Each structure stands twice: as structure tokens, then as C-alpha cells.
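Enquirer: Below is the structure I would like to discuss, written out as C-alpha cells.
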Amino acid sequence: MTSIISARGLSKHFSGPGKTTVVAVDDLTMDIEPGTLTAFLGPNGAGKSTSLRMLTTLLEPTGGTARVCGYDVAEQPAQVRASIGYIGQKNGAGQYYRVRDELLSQGALYGLGRVERRRRVDELIDVLDLGEVAKRPTMKLSGGQRRRVDIALGLIPTPRLLFLDEPSTGLDPQSRAHLWEHILALRERYEMTLVLTTHYLDEADQFAERVMVVDHGRIIADDTAPRLKAELAGDRLTLTVTGDATGAVQVLRRAAEDSGTADAAVVTTPVPEGTRLVAAVNHGDRVLPGLLAALREGGSDVVAVELDRPTLDDVFLTLTGRSLREDRHDVPAPGEEVVDGAAAGPPASPTTSPTTSQTSGARS
């Protein structure tokens, strides 16, 4: 199967203070298959938005090559833009213009005829539940409604591939959940490939079929969320035992070693009930029954058991020694700007904007 995105050694450098060079993206090499949902996960300033902006032709790469929908991003930018949709971090619609008028203008920019334009706008207004607000100016919409308008703008050309840059940043939990319902429904309806950036762990974990963990401009892990968690983080077993815990420590350490974990250390902590033992294990649900039987045979009295499954934050912590939750307010990389607390790449030139919802405020 031909990849819908293929990048080889893609990089982007910006000029830093004192004539220094800052590497925002370094050696981005990947292939993405059609029909998949791929998430770039990482802290602000990691290079996620810069990567998307190169793949959508809004930033010229410093080095490397990339083909999107079969077209070279450097040599055939117009063909790339005609094949994709892009929803940036900023709201794309002009705040003084009515929702329906904005969508019709976007259709005109894509060269759709009047009949086709109206048909497409009516369809998207219906699919995205925008009927009640279609005649309102966007400045009077809620944050969730504005993001749905942004998605509609990006879907006007019926793209094979849709890029979403931090689609739910700044939304409350209810609006985020509602937005994702629409995104997933649209993906199924139009059979699109989705590529998104996010620093929300739950989004990448729950919705993405493939997660690329990005840090300091490089992809440091690339797999499904379950495999990343199983191979790089492991489960955590917590036992509370009464009396002398020496035997229980040995049994737990042996069980951790047998599970194949890289670190079989057992951490002990005195608690009112006795001693709490904590160890990392692989496939904790399989280890636990045999472990409890061995502890009973050894005379250990277990009064409490906890099995914690790993998160993608545990994966990031294993890879970098830092928590992704703590890094969410990092200073953005040079050449990027902060938009509602999230890093975005350098503003796009007006000459490259007509086919993206980020800059869809142009009028017809």
C-alpha cells in the first residue's frame, strides 16, 4: 500500500539569539498509511506544530524530503494543498462574518461552483450540528462551536487527508468530548486519514491508532499506545503485607524478574497496616495470581493489592526522565508563537493561506 505521507530526514532550523541555530525538527522520517489516525504527542515546543506546517507546505523545510498524497511538499505545494485539509491552532473564521458565509467563501477559494459550494456547505452544517448557529457571526459562538466551524472549513474540499493541530486546546472537558465525537464520525463518514498534534495524554491514548512521541524535535518512540505502555513503562504492583516483609520482598522481586521487567527493584515503605511493597512488572494481570499464591505459600499475610496500568505519561517519563504533564507549559521553540497557551509555528504567509482553515478569513 502506498503511504499517504512519506518523510525522509525532514528538518527545520531557526535562527536563535547570538547567531545560533536552533533545531526545531531533526530528521523526521516516517510513513503513514491511508485511513489511519496518527497522533504526534509531546510537550509544547517539541516540534509537533512545526512538523505539521512543513507537511502542509506552510513552512519550507531546511532539509530532507516529504511527499503528501503523492506530491512533493517542496516541488508541488499547490497539489498538496488541493489534496488536504488543515485545522490550525487559531480559529480560522473571521469573527464578524456569519458561519454560513465563511463556509461559502472557503468553497469559492477552492474553486467550487455555486451549486456544489452550497451543497457542500449544507452537508457540513448538518454533519457538524451547526444549523442553529449558521446565521450567527463567529464572534458570538462558544469555543466548541468555533472549533467545529474550523473543522468545517478544513473539510470544504473533501480532503483525503486532514491535519489537526491541537484541535481541542482550550476547550472544557465536555466540549472536548463533543468535538471528538464529531471528528471520529467525520473520519468514518469520509474515510479520511487523520494526523493530529496533541499534548493531551488521554486523546492520544484513546483515539490514535499510532502514537509518535516527540521531544526536542525528534521522534523518540513510535508505536500503538498499548505497545508503548507495555514495552516502555510496564505495570506497577503495590502490595501491603503485615509482619516481617523480608520473604514477601524476595517473592515479589522474583516475580518481577520472571516477568521480564528491566528493573526488578522493590520499594518498601512502612505503613500503619505493615509494609507497602511496590515493584514494576510486565503483564501484571498475568503475574498477580501466581504471585499471591506464592506469597500465601511463603506465609506472607497480604491485606491489600493494587495493580496500576501505565499511561503514556509513564512512557514519556521512561524515555526522557520528565513528566509530560509537567512539560505542558514549556517555553515554545524559537520561531514559534504562543496561541492560547500552546505553541504554534511561525505565522503563515498570506500567499500560502487560501487552502487552509487557519487563514480562511479571505473574502470572495
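Enquirer: Using the Cβ atoms and a cut-off under 9 Å, what net charge is assigned to the surroundings of L201, where Lys and Arg are +1 and Asp and Glu are -1?
Expert: It works out to a net charge of -3.
Enquirer: What does the charge dipole of the chain about its Cα centre add up to, to the nearest 20 debye, if the Cβ of each Lys and Arg holds +1 and the Cβ of each Asp and Glu holds -1?
Expert: On the way: 40 positive and 49 negative charges, 332 e Å.
Dipole about the Cα centre, nearest 20: 1600 debye.
Enquirer: Then there is this: Which residue, G18, L277, L228, has the largest displacement toward the positive end of the dipole of the chain when charges sit on each Cβ (Lys, Arg +1; Asp, Glu -1)?
Expert: G18
Enquirer: For the chain, evaluate the Debye formula with one uniform point scatterer on each Cα (no solvent term) and list log10 I(q)/I(0) at q = 0.08, 0.12, 0.13, 0.14 Å⁻¹, rounded to two decimals.
Expert: Debye intensities relative to I(0), on a log10 scale: -0.49, -0.88, -0.98, -1.08.
Enquirer: Starting from the coordinates of the alpha-carbon atoms of the range 132-243, obtain the Kirkwood hydrodynamic radius over all distinct pairs and give the value in Å to one decimal.
Expert: About 16.6 Å for the range 132-243.
Enquirer: On to the next question. Heavy atoms only, probe 1.4 Å: what % of the accessible area of the chain goes to carbon and sulfur, would you let me know? Mind dumping the intermediate values first?
Expert: On the way: 8030 of 16710 Å².
Carbon and sulfur together cover 48 percent of it.
Enquirer: Under a Cβ-Cβ cut-off of 13 Å, what is the net charge of the residues other than R160 that fall near it, where Lys and Arg count +1 and Asp and Glu count -1? Please report the intermediate quantities before stating the final value.
Expert: On the way: positive: R81, R187; negative: E33, E191.
Local net charge: 0.
Enquirer: Below 11 angstrom from the Cβ of K135, what's the summed charge of the other residues (Lys, Arg +1; Asp, Glu -1)?
Expert: Within the 11 Å Cβ shell, the charges total +2.
Enquirer: Classify the range 44-146 as rounded, prolate or oblate from the Cα gyration tensor: take a ≥ b ≥ c as the square roots of its eigenvalues, call it rounded if a/c is under 1.5, otherwise prolate when a/b beats b/c and oblate if not. Mind showing how you got there, number by number?
Expert: Numbers: a/c = 2.91, a/b = 1.62, b/c = 1.80.
In terms of gyration-tensor shape, oblate.
Enquirer: Looking at the chain, which longest stretch skips every one of the GluC sites (Glu not before Pro) that is in a DSSP loop with at most 15 other Cβ atoms within 10 Å, leaving the sites themselves out?
Expert: Answer - 76-190.
Enquirer: Per residue, how many Å² of accessible area does the chain show with a 1.4 Å probe?
Expert: Accessible area per residue, the chain: 46 Å².
Enquirer: For the range 203-233 and the range 30-86, what is the separation of their Cα centres, given in Å?
Expert: Value for the Cα centre distance between the two parts: 18 Å.
Enquirer: Using the crude model of +1 on Lys and Arg Cβ and -1 on Asp and Glu Cβ, and no other charge, please compute the dipole size for the range 192-259 relative to its Cα centre, in debye to 20.
Expert: Details: 7 positive and 12 negative charges, 28 e Å.
Using only the charged Cβ atoms, the result is roughly 140 debye.
Enquirer: Which one of G42, A82, I5 has its Cα pushed farthest toward the positive end of the charge dipole of the range 1-107, where Lys and Arg give +1 and Asp and Glu give -1 at the Cβ?
Expert: Of the candidates, G42 comes out farthest on the positive side.
Enquirer: Still on this structure, I have one more. Over 31 Å between C-alpha atoms is what I'm after, so list which of K12/K90; K12/K140; K90/K135; K140/K229 land there.
Expert: As for pairs spanning more than 31 Å Cα to Cα, those are K12/K140; K140/K229.
Enquirer: Using modelled backbone amide H atoms (1.01 Å from N, in-plane), which distant-in-sequence or interchain residues come within less than 5 Å of A221's amide H?
Expert: V213
Enquirer: If I build a Gaussian network model for the chain, linking alpha-carbon pairs within less than 10 angstrom, which residue out of G234, G217, G18 has the largest mean-square fluctuation?
Expert: G18
Enquirer: Taking Rh as the Kirkwood radius, which is the inverse of the mean 1/r over Cα pairs, what is the Rg/Rh value for the range 118-186?
Expert: Rg/Rh: 0.93.
The values are calculated or read from the model by the stated rules, or taken from the named source; none is laboratory data. What you see is a predicted model; the values in this text were computed from it and never measured. Methodologically, a virtual Cβ is constructed for each residue, glycine included, from the backbone with ideal geometry; neighbour enumeration extends over all protein chains shown. Each accessible area value is taken on the protein alone, full model and side chains, heavy atoms only, with ligands, DNA and RNA left out. Shrake-Rupley method; radii C 1.70, N 1.55, O 1.52, S 1.80 Å.
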